Structure formats: C-alpha cells, structure tokens
Amino acid sequence: MHDFRYKSGKLYCEGVSVEKIARKVGTPVYIYSKKTLRDHYRKLKDAFVSVKPLICFSMKANSNLSVCRTLVREGSGLDVVSGGELYRALLTGVNPQKVVYAGVGKTEKEVRQAIRARILFFNVESMPELELINKVARSMRRRADLCIRVNPDVSAHTHHYITTGTEENKFGIDFHAAKALFRRAKDFPNVRIVGLHVHIGSQITIAAPFKKTIKKVFSFIDANRLDVKYLNIGGGLGIVYDKEKPQSALKFADAILPILRKRRGLGIILEPGRFIAGNAGILLTRVTYIKKARRKRFAIVDAGMNDLVRPSLYDAHHTILPAHAKKRRREVYDIVGPICESGDFLAKKRRIESLASGDLLAVMGAGAYGFTMSSNYNSRPRAAEVLVNGGRFSVVRRRETYADLVKYE
C-alpha cells in the first residue's frame, strides 16, 4: 500500500528515517515516496493492460514537478484543470498528446494556451465553452479536439463536497443537452468531438457507481449512433485513510473491464490522482505545546489548516502516527494547529501515545490534496516538499520564507 514503515521503533520512508528529514529540512514538511508513486501507477496500468489505457495523472491531487515527472517517466499522461497546471505539465517533459484538459471555467487565454501546446483534447462541460473553443481555434486557424463531459446523474456514495456526477453538481452536461450538442456539431467547424468524458466523484470505494455510469454512457452512444474515438472514465478511486476497504486496482479492473471490452477499438482514458499519490505522502509536523484543559488535552503542532485543509474542509480522517514509537501510555488528544480559527485541527479525540513538546507526528495519507490545497493564511510560509528515493532524499520544493510572502506586494 505504501512505503512508510517502522524500523526499530522509528518511522521510515523507504530507506530514510523521517526524523532525519526533519533535522535537515525542518517542519512542517511533506514527504513523498518515489517507489510508492511508481508502484501505484504500475498497479493501475497492469490491471487495465488488456485495453491499453492512457493513464493521465490528475495534477490537482499533487502538482509538484518532481512527483509528476516521476510518473511521466513511467509513461503517464497528465490531466490538467488550469493554465497553471498546463504550464507545469509541459515543464515535466510530458508529450502534449498525453495531456487532457478538464474544468468548468476555462478562459480564452487558457484555451489559446492549450491549443498552442497541441494537447490531446479538452473535456468540454458546457455549450458556451464549446463555442469559445471553436472561436479561439478559428482565430488561430486550427482545429481543436474535444470530449463532451456528460453528467450521468449517478451517486458516487462519497462526501457531498467531492461528488461530481449528479444533477445538482456544476460539472458536465446532461444526456439531453449532450444529444443536442452532437446534433449541432457541424455548426462548429473548428472543433472535432472525438469522445465522451465522465467523472462522478472522488474517494469512491466500490465499483458499482462506475459500472452504472459506463453502462449509461454506452446506452447513450448506441441510442444516438455516435461515432466516438475515446471514452474517458475519469478517476475517483478511493484509498485507505482509516477503516475504509477500497477496491484494489485489480478488483476495480475486473469489475469494469467486461463492459469496456465489448467496445473494441475505443480508446480508454483514466484520470487517477488520489489512488496514485494519496498514500505516497505524509505531512510531518512537530508538537509545539501540550495544553491541558478541564475536559480536553490538546497537542498544538506546527502544521495547521493552511498546510492541510482536508480535516477542516471535509472533516476528513487521517491516521496520525508518532515518528518515534516509544511505547508510552496512550492518551486522547485533539491535535490542532496554530491558526486563529476554531476549525484549525488535524484530528479530534485521537488516542495516541502520550505526547510531549518536540515530538514528531506523521499525518498519513497526505500525498493527494495536501500541498496543492495549502495556503498562506495567517501569513504562514508554505511547507517544504521532499521526495525520497531508496536511501536518499531531495528537497523538491524549498520552504517558503517571509520574503516570499511579500515579494509581489
């Protein structure tokens, strides 16, 4: 599952103790395992080998250049949702024909940037967006390929903030509107509709919503006799944060490959993010104070909601482990940060070995939607990022300084 393990009571990432990284780099710090990133990508690739998919890592999960470059060198494409992510993607050396571009709010500048880069295609989410892409492509004397993102109105059985495939969500086009769009395709001579795209949510632990979605898409294709080259089935595969029992890549593939194999010649695209990066990273933080109240015990640490917002935003659970297991008695803590918000916490009512000032804690499963969602709230410099490769580690993003906070002001 990942390469963070105890050796003689000390937590290691591959062959490097996280305490050593803290001494050299400081805290808070994100630590990623290169081996885990590669292994998770290969598991998905091997599971779907019979349909030869294009796997496009979702950069919104983790857009660090070294992380993305690691996957690109394994053969991965990239899924981007902004001009900034496309800029980053091109810096990794990815083949632009392995880049797909999603997002509901692409601007004219971003569309022009992507057409100029010759990406594989856009995932289009509305008629006005299609009209804009056609207009920009015409002005550039080019033709842009695109997939229509359909909203299948399928519940993903996940947190409502990360459900994206129901009628109440802003994403995609319902089947009726998509049908009308295909009928009007000839009105847009500078774009070519090459496929369909679906993405129903994130942290999905069962195959049933995916199966239902794909069947609905194929029914739509058949009913309208559509000639499409690609089906992009999105991402959303869940991982273990606590007691979840998500499907493995192999079980997921076993569940949906029988449906996909019925469509020989259709290019299959996957957009995993969390599945590859989530358990490949941790956030390492140091205890600053232990504060005892009448009814609670607080461990105040140097990482806050600006560093990892998921617990505050989603009430998300992350396992928290001591960097050095000392076999102390266990006590219950709220593990909180230094931010001036009551919602600033990493965990509540967590039973863990008795803590003292200076202890290091590893927030597990922080490789996806961790640093990418971090901020400078309370004028806090963002954390450093470290990539471990066997017995060595490298700082792949330096810690911000106070000067960084004001350099644009």
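Contact map, segment 98-111: residues that are at positive phi paired with residues that are modelled with pLDDT of 95 or more and surrounded by fewer than 24 Cβ atoms within 10 Å (Cβ to Cβ), Cβ distance under 7 Å, separation 6+ or inter-chain. Pairs shown: Gly103/Val81; Gly103/Ser82.
Looking across segment 15-33, just one residue is part of a loop (DSSP other than H, G, I, E, B) and either under 22 Å from the mean Cα position of the chain (by Cα) or among the basic types (Lys, Arg) (or both), and that is Pro28. Filter segment 114-128 for residues that are in contact with a Leu (Cβ under 9 Å, 6 or more places away or on another chain) and buried (at least 20 other Cβ atoms within 10 Å of the Cβ); which is farthest from Ser76 (Cα to Cα)? Filtering segment 114-128 for residues that are in contact with a Leu (Cβ under 9 Å, 6 or more places away or on another chain) and buried (at least 20 other Cβ atoms within 10 Å of the Cβ), the one farthest from Ser76 (Cα to Cα) comes out as Val124. Scanning segment 93-110 for residues that are surrounded by 20 or more Cβ atoms within 10 Å (Cβ to Cβ) and more than 25 Å from Ile200 (Cβ to Cβ) turns up just one, Val94.
Please verify whether segment 46-54 includes one or more residues that are aliphatic (A, V, I, L, M), touching a residue at least 12 places away in the same chain (Cβ under 8 Å), buried (at least 24 other Cβ atoms within 10 Å of the Cβ) and not in a helix (DSSP H, G or I).
no
When the criteria are applied in full, Glu385 meets the requirement of being in contact (Cβ under 8 Å) with a residue 40 or more places away in the chain, part of a strand (DSSP E or B) and either touching a Gly at 6+ places or on another chain (Cβ under 6 Å) or charged (D, E, K, R) (or both). Please work out if Ile352 is assigned to a strand (DSSP E or B) and surrounded by fewer than 20 Cβ atoms within 10 Å (Cβ to Cβ). The answer is yes for Ile352. Restricting attention to segment 117-148 and to residues that are among the β-branched types (Val, Ile, Thr) and part of a strand (DSSP E or B), the residue that is nearest to the chain's Cα centre (by Cα) turns out to be Val124.
The values are calculated or read from the model by the stated rules, or taken from the named source; none is laboratory data. In this text, all values refer to a predicted model and were calculated from it rather than measured experimentally. Positions of Cβ are generated from backbone atoms using ideal geometry, with glycine treated the same way; all protein chains shown enter the neighbour counts.
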